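Encoded as C-alpha cells, the structure appears first; notes follow it.
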Amino acid sequence: MKQKSGFSGQIGFVFAAAGSAVGVGNLWRFPYLAAKDGGGLFLIIYLVLVLTFGFTLLTTDIAIGRKTGKSAIYAYESMRKKWKFLGILTFLVPVLIMTYYAVIGGWILKYITIYLFSSGKQAVDDNCFTSFISSPSSVWFGVIFMLLTALIVYNGVEKGIERVSKFIMPILLVMVIGIAIFSLTLKNTLDDGTVRTGIDGLKVYLTPDLSGLTVSRFLQITLDAMSQLFFSLSVSMGIMITYGSYVKKDVDLNKAVSQIEIMDTGVAFLAGVMIIPAVYVFSGLDGMSAGPGLMFVSLPKVFFSMGFAGRLIGIVFFVLAGFAALTSCISVLESIAANCMELFHAKRKITTKVLSVIYLIATAVIALGYSIFYVEVKLPNGSIGQLLDIMDYISNSFLMPFISLLSSILIGWIMKPKWIAEEMELNGSKFGRKKLYNIMICYIMPVIMTILFLQSTGFLNLFIK
C-alpha cells in the first residue's frame, strides 16, 4: 500500500499526538474534576485508568490506524465490513466535539486580551465570565479561533500540524512546569492570622477525600475520570486512528505510546499543581468548588491578588491554555477532514474549506447557546445542560464508552489481540505490556465499559444509591 503523506518521524508523531492529548481538557477539566471528586481519590483512579484502559485504548487506536493506513470509517470497514458502523460512530465523536471546542478556545482568547490590554481587574468581576459568554459578541472570539485551526489543518500534516506541534509542545511543557513551581511558593495571610500556603493546597490536591463515598459516587468519580481520559488522550474518537495512519512503519509504537501517556498524564497532574494550590491559597476550599469556572472565575481572582506579577502570570497561563486548546482543536478537525477526504475522494484544501464554513456556523450556534439559543435540558447524568454541555455529554459520556465497548469486542473476540500485537511488534519491537493488553481488551474492558455506559445513561442509578 502506498504510504500517504504523514509525520516525518517518531518525534513529529509523538509531539502531534501529545499535542492532541495535552489539550484544554488537561488545564480546564482535570483540575476542577480533581477538586470535585475527592482530590487524591480522583488522582489514584485516573492514574490506574491511564495505565490500564488508557494504554489499551491508545495502543488499539494507533495500531489500527497504522496497520490499515486509513481513518476511522474505512479502518473498521477494512477489518470487518459489517463493523463499518463502528467507524461511523467513531467519526461522529469529533464531529460533535468540533462544534464546541473552538468556543472554549474563544473563551481563552478573550482572557488573553483581558490580560494583555488591561491589569486583569476586569476578569475579577463576579459576573465577568457569565456576562462574556452570555453576550452575542462572544461569537467572534470562537470564530477567530476556528479560523486559526482551519488554517493549520489546511496546510497539511507535516507542514501544518507537525510544524506547529513541534513549536508549541516544548514551550507548553516549560510553561506548565514553571507556573506549577511558582504556585507552590505562594503564601497568603488571612485577616484572622491564618496562613495558607501553596504546599497546604498541594496536600489538599493529593490527599484522598473519602467522606460521603458511596458505590454510586465511586462509579460517578470513575466515570468522570474515564470521561477525562477519553477527552485527554483523544481515544475512542478516531483521532489517534487518523494520526496512526500517518505514522511510518519504522516508528516504534511501543515507545510512542509510553511517551504520549507520560506527557499527557504529567501535564494533567501539573495542571492541578498549577491551579489548585493557587486557588486554595487565595480562595480556600470555596474557590476550589467553582466547577468548570475554576479556570475562568477562580484563577483570575488569584492572579489579581498577586498584583503586577499576577498580570504577567495571567498572560502566560492563558497563552499556555490557548496553545493547549489549539493543538487539540487541530487534531479534532484533522480527524474529520481525513475521514471526509477518504469518503468523498476529495483533496485536503477543498475539504478543509467546506468544513471551515460548516464549523464556523456550528461554533457561532454553540457560542450563542448561552444567549440567543439558550436552553436548559436535564441530562441522564442528572446535570442541567446548555447546547455545549449537551454536545459534550453525547460525545464524551455517552458515545465514547459505547465505542470503547464495541471496539473491545471487535479486537478482543473477533480480530483477536494478536492482530494488534503484530503491528506493535513490527521490525522486532518489543510489546512489553502484551499480557496486560490481552487481558484488558478481552475481559476487563467489555465489563467495565458496559458498567460505565449504563452509569452515563443514568440506568445504574435506578438500582445503586
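What residue, among those in segment 324-346 that are over 13 Å from residue 101 (Cα atoms) and among the hydrophobic types (A, V, I, L, M, F, W, C), is nearest to the chain's Cα centre (by Cα)?
Once the filter is applied, the top-ranked residue is 336.
Can you give me the number of residues within segment 35-56 that are charged (D, E, K, R) and open to solvent by less than 30 Å² (accessible area, probe 1.4 Å)?
Kept after step one, since they are charged (D, E, K, R), are these residues of segment 35-56: 36-37.
From the residues that got through so far, the ones that are open to solvent by less than 30 Å² (accessible area, probe 1.4 Å) too are 37.
The total comes to 1.
Can you find even one residue in segment 273-286 that is among the polar types (S, T, N, Q) and touching a residue at least 40 places away in the same chain (Cβ under 8 Å)? Break it down into steps so the answer makes sense when it comes.
Going through segment 273-286, the residues among the polar types (S, T, N, Q) turn out to be 283.
Now restrict to residues that are touching a residue at least 40 places away in the same chain (Cβ under 8 Å): none.
For segment 273-286, residues among the polar types (S, T, N, Q) and touching a residue at least 40 places away in the same chain (Cβ under 8 Å): absent.
Within segment 200-215, is there a residue that is under 18 Å from the mean Cα position of the chain (by Cα) and either in contact (Cβ under 8 Å) with a residue 40 or more places away in the chain or within 26 Å of residue 429 (Cα to Cα) (or both)?
no
Give the residues of segment 230-252 that are on the phi < 0 side of the Ramachandran plot and either surrounded by fewer than 24 Cβ atoms within 10 Å (Cβ to Cβ) or not in a helix (DSSP H, G or I) (or both), sorted by residue number.
Result: 235, 237, 246, 247, 248, 249, 250, 251, 252.
Against the condition within 21 Å of residue 401 (Cα to Cα), touching a Phe, Trp or Tyr at 6+ places or on another chain (Cβ under 6 Å) and not charged (D, E, K, R), how does residue 98 come out, does it pass?
yes
Does segment 343-358 include one or more residues that are of a type in the set (Val, Ile, Thr), surrounded by 24 or more Cβ atoms within 10 Å (Cβ to Cβ) and in contact (Cβ under 8 Å) with a residue 60 or more places away in the chain?
yes
Is segment 280-296 home to any residue that is at negative phi, modelled with pLDDT of 85 or more, assigned to a helix (DSSP H, G or I) and of a type outside the set (S, T, N, Q)?
Yes.
Is it the case that residue 300 is touching a Phe, Trp or Tyr at 6+ places or on another chain (Cβ under 9 Å), within 30 Å of residue 54 (Cα to Cα) and modelled with pLDDT of 85 or more?
For residue 300, the condition - touching a Phe, Trp or Tyr at 6+ places or on another chain (Cβ under 9 Å), within 30 Å of residue 54 (Cα to Cα) and modelled with pLDDT of 85 or more - is not met.
For segment 387-430, which residues satisfy the criterion of being buried (at least 19 other Cβ atoms within 10 Å of the Cβ) and not in a helix (DSSP H, G or I)?
Selection gives 417 alone.
Can you pull out the helices (runs of 4 or more DSSP H) entirely within segment 57-174 that have at least 2 residues that are open to solvent by less than 10 Å² (accessible area, probe 1.4 Å) and among the aliphatic types (A, V, I, L, M)?
Fully inside segment 57-174 and qualifying: 72-79, 84-117, 139-154.
Consider segment 209-229. How many of its residues are farther than 30 Å from residue 336 by Cβ and either open to solvent by less than 60 Å² (accessible area, probe 1.4 Å) or assigned to a helix (DSSP H, G or I) (or both)?
Of the residues in segment 209-229, 7 are farther than 30 Å from residue 336 by Cβ and either open to solvent by less than 60 Å² (accessible area, probe 1.4 Å) or assigned to a helix (DSSP H, G or I) (or both).
Residue by residue, here is whether (1) over 30 Å from residue 433 (Cα atoms); (2) in contact with a Gly (Cβ under 7 Å, 6 or more places away or on another chain); (3) surrounded by fewer than 24 Cβ atoms within 10 Å (Cβ to Cβ) holds:
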| site | (1), (2), (3) |
| --- | --- |
| 255 | no, no, yes |
| 264 | no, no, no |
| 272 | no, no, no |
| 276 | yes, yes, no |
| 285 | yes, no, yes |
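The values are calculated or read from the model by the stated rules, or taken from the named source; none is laboratory data. Since the model is a prediction, treat every value here as computed from it, not as a measurement. So basically every Cβ, Gly included, is an ideal-geometry build from the backbone, and we count neighbours across all protein chains shown. These accessible areas exclude ligands, DNA and RNA; they are computed on the full protein's heavy atoms, side chains included. Shrake-Rupley method; radii C 1.70, N 1.55, O 1.52, S 1.80 Å.
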